[in-house]
Amino acid sequence: MRFLYRLFVRLLALVVLLLLLSLGYLHFYGFPEFLKQVLLSELNRAGYAAQFTSIRLDLFRGVVATDARFADAKAPDQQLAQIDELELQFSVKRLIHKQTFIRAIHIANAVITIPTPADENGPAKFTALDAYATFKFEDDGSIQVDRLTGVYCGIRLNVSGRIKPRSASPTTQATAAVPAAGGGRFVFLTKAVREINQIQVTLPPQLDLDFDLDLAQPLAGHVLAKLRGSQLQYRNLQLDSAGVDIEMSDGAIEVRRCEASLYGGDIEIHGRYDLAMGQFDMTLSSTTDPAAIVPLFIKDAGPRLRDLHVEENPKIFAHYRLSAETGSLPELTGTVQTGRLSVRGVEFRSIKFAFEDHGPQVKFNGVEIVTPEGRLDGHGEYHIESSDFAYEFDSTLDPTKLQPLMTNYVRQIVEPAWFETPPHIVAKVSGDFVDPDALAYDAQIDARRCSYRGVGLEGASARLRLRESRLDVRDMRLERREGDVRGTLFADFNHHRVNFDLAAHANPSEIAGLLGEKAVKTMTPYRFGPRTDANARGVIDFDRPEQTIWAAHVVNEGFSYWKLVADRAQATLVFTNNTMQINDFDADFYSGKLRGHADFVFSDADPSYNFDFSVDRADVHTLLSAAKERESTVTGLLTGQATINGRGNDLAALEGKGQLSVTDGVLWQAPVFGIFSEILGKTKATRAQASFTITNQAVSTEDMQIAAGAFTAQSRGQLGFDGKMDFRVQAQFLRAWPGINILSKFLGVLLEYKVGGTIGDPKYRPVNFPKELLPSR
């Protein structure tokens, strides 16, 4: 008995010794290969494929493994975690019942790297530093995460939850229908990790995560995440503070709270995203500066927003949803309300509108745009795919102030305009942003004091209709101080043609600029008095002037051409084939009548012209005073006819002919009669007549004759356009008396005078006598 006792003691000591030696071996040299395989098999039974660089027994901490790698047992190539060092805790009870004997894994001061499924840019990694946690293996194969703490991207983590691997879940028809791991089920995690990797922190934020996941049925899991932080930088976005509460349950993500303060405002997002049903219902409200955050989400927005300057952050609300009610396309609705801002230098006091985007169709309602000059109210819609648009508005904005926002085509129309106060425009507009010819509108325009192409107006109103770059203007009324213009216009902008039918009481010369430079050039030679009654209709072709044709009838008081003025004049003007005709001209002309017609040909750079007119008993005194721009002493009544041809300003090309007669006048003071003007003084002429020709820049006559009682004077010669005279004058007394007239004719020849000099400084001398014997100058 004693022997057996000593033997038992010795065996016990040996066992203890062997146990101590084994523990020492396991402590210093680690587990042998067969024990490693046993442990790996147990982990595999738990649903994980594991690898260790070493496993040893720590006398104070238990079983410790280094450089551990874990993967799903059914997908060993997809690593789930990498841990520098961990502690393993075993369950003797489970070992006895031949169950997985690993009870828990404890990690401390570890680095945990968890890869996420690959998206279009490949996989991402979730790496936590300074990690502490206990992972408990439950009887059903689930893993309980007990307060995982660590630092991820500067964020303090506090994670708790439960994970049930696929291998631990019963295989059912429902789970068999779930796609294999690594598909699209967890891609959102990869994208979330990529975005979190963009966060830079100054003060470490806190992330609390609580979850219950079944990897075989991921959509049935439950995740609750909370993030709180301040002084964060996301991409190039600086956040003053942020708070996020997100819950994922039954395949849906519900954003309970997502708030951020940045750039003098706040952003708040909340809603639900159902992954299982493919539906979402999210709302966003913002009071921050969109120019700072939009470029982060829209690649091409930066250059467009560069010209946007916001003085007061806008208020934006948006609702984005996809459900059975919206059909296969998502619906985006919302409102925008701004304070002061400027776009490309155009200032706005406020902008307000509601929008609705359902597929490619975008609608805008309740639009209110307020500028320093006026406001616009309206609604409209825009098709994103076709770039078609249509909208209606009631505006008192000044179009000229909005030119930086206009297309080149619209700017060309608006640029020549000026408004003292903004016009009132009610319009319906439609078109295509990429096709200028598709622009169409119907508008009613009413404006007060304004101008267009330099033509000043007291008021203007019209109904406009534009189709395919053709503008139809109806009920047009242009008000000026001297009168108004009423009628219709039709402008073809592609072919640069204008059709018009107008009735005008305004000055035709002053309003010609509304039709363009060609009309101004045509009307320049003529000056109209304060009262005009005109009607005009026709076509102006700015590209092919030879196809321009128009006709007008004008009655005017105070019409003038060159230095000549008609008290009242009327005429019919016809322009065709680059030629303008003035027909049926009839004017009250210096107490007489002036009638005739004229032609102007504009085919060359210097237009040619032809005048054919007659004068009936015009007052010579007032006529010469106007022509010479100083008081004339010549009197009488002029009757005559003349035809004149010329080209541009070339006096050498001026030619003409005609005849004239003057009755009941005092003509002797005309310089052409030289010394006889001084001898006869104001003796009244009974008649005067002459025919003349115009050539070589001079007016010539061979038969000028003036009679005053018993005295008759005859003259021949020319008057140059430069005012120089060259005449021969003969005077006869008692020419009508038989016998005496022979003597008077001889004396007339003998006393012939030569008149030279200029009209302002005439010179005369006798031809047949020395100048010392007869008067001369």
- List the number of the failed condition for L439; all other conditions in (1) under 25 Å from G538 (Cα atoms); (2) buried (at least 18 other Cβ atoms within 10 Å of the Cβ) hold. (1)
- Looking only at region 196-222, which residues are at pLDDT below 85, closer than 18 Å to T149 by Cβ and surrounded by fewer than 16 Cβ atoms within 10 Å (Cβ to Cβ)? L203, P204
- Task: Determine, yes or no, whether D606 is more than 22 Å from R486 (Cβ to Cβ) and assigned to a loop (DSSP other than H, G, I, E, B).
- Result: yes
- Right, Y409: more than 25 Å from R480 (Cβ to Cβ) and buried (at least 16 other Cβ atoms within 10 Å of the Cβ) or not? no
- Query: Which of the residues belonging to region 481-492 are surrounded by fewer than 19 Cβ atoms within 10 Å (Cβ to Cβ), under 14 Å from T532 (Cβ atoms) and either within 33 Å of the chain's Cα centre (by Cα) or among the aromatic types (F, W, Y) (or both)?
  - Reply: R486
- Note on the structure: Restricted to region 682-716 and to residues being small (G, A, S) and open to solvent by less than 20 Å² (accessible area, probe 1.4 Å), the residue modelled with the lowest pLDDT is A685
- Would you say V749 is exposed (fewer than 14 other Cβ atoms within 10 Å of the Cβ), farther than 24 Å from I644 by Cα, of a type in the set (A, V, I, L, M) and at pLDDT 60 or above? yes
- If you check every pair at least six apart or on different chains, which have Cβ atoms under 7 Å apart with a residue in region 410-421 that is within 20 Å of G459 (Cβ to Cβ) and of a type in the set (K, R) first and a residue that is surrounded by fewer than 15 Cβ atoms within 10 Å (Cβ to Cβ) and modelled with pLDDT of 90 or more second? none
- When residues of region 239-252 are filtered for being over 13 Å from L203 (Cβ atoms) and either surrounded by 17 or more Cβ atoms within 10 Å (Cβ to Cβ) or at pLDDT below 85 (or both), how many remain? 8
- Query: Do any strands (runs of 3 or more DSSP E) lying entirely in region 78-188 carry at least 2 residues that are touching a Lys or Arg at 6+ places or on another chain (Cβ under 8 Å), modelled with pLDDT under 80 and at negative phi, and which ones are they?
  - Reply: 102-119, 122-137
- Could you count how many residues in region 392-425 are assigned to a strand (DSSP E or B) and touching a Ser or Thr at 6+ places or on another chain (Cβ under 8 Å)? 5
- Task: Starting from residues that are open to solvent by less than 60 Å² (accessible area, probe 1.4 Å), assigned to a loop (DSSP other than H, G, I, E, B) and not β-branched (V, I, T), keep the ones in region 339-371 and report whichever is modelled with the lowest pLDDT.
- Result: G359
- Of the residues that make up region 413-425, is at least one small (G, A, S) and out of contact with any helix residue (DSSP H, G or I) (no Cβ under 7 Å at 6 or more places or on another chain)? no
- Note on the structure: Condition set open to solvent by 60 Å² or more (accessible area, probe 1.4 Å) and within 22 Å of the chain's Cα centre (by Cα), scope region 445-472, selection nearest to E392 (Cα to Cα): answer is R465
- Given the residues D437, D442, D446, which is the only one that is modelled with pLDDT of 95 or more, in contact with a Ser or Thr (Cβ under 7 Å, 6 or more places away or on another chain) and in a strand (DSSP E or B)? D446
- In region 63-74, which residues are modelled with pLDDT of 75 or more and either part of a strand (DSSP E or B) or aliphatic (A, V, I, L, M) (or both)? V63, V64, A65, T66, D67, A68, R69, F70, A71, A73
- Query: Among the residues of region 759-770, is there at least one that is among the β-branched types (V, I, T), modelled with pLDDT of 70 or more and open to solvent by less than 40 Å² (accessible area, probe 1.4 Å)?
  - Reply: no
- Message: So, restricting to strands (runs of 3 or more DSSP E) that lie completely within region 220-268, which ones have at least 3 residues that are closer than 22 Å to A318 by Cβ and touching a strand residue (DSSP E or B) at 6+ places or on another chain (Cβ under 7 Å)?
- Response: 237-249, 252-262
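The values are calculated or read from the model by the stated rules, or taken from the named source; none is laboratory data. Everything numeric here is computed off the predicted structure, so don't read it as measured data. Note that each Cβ is placed from the backbone with ideal geometry, even for glycine, and that neighbours are counted across all protein chains shown. Note: accessible area is taken over every heavy atom of the protein model, side chains too, but ligands, DNA and RNA are not part of it. Shrake-Rupley method; radii C 1.70, N 1.55, O 1.52, S 1.80 Å.
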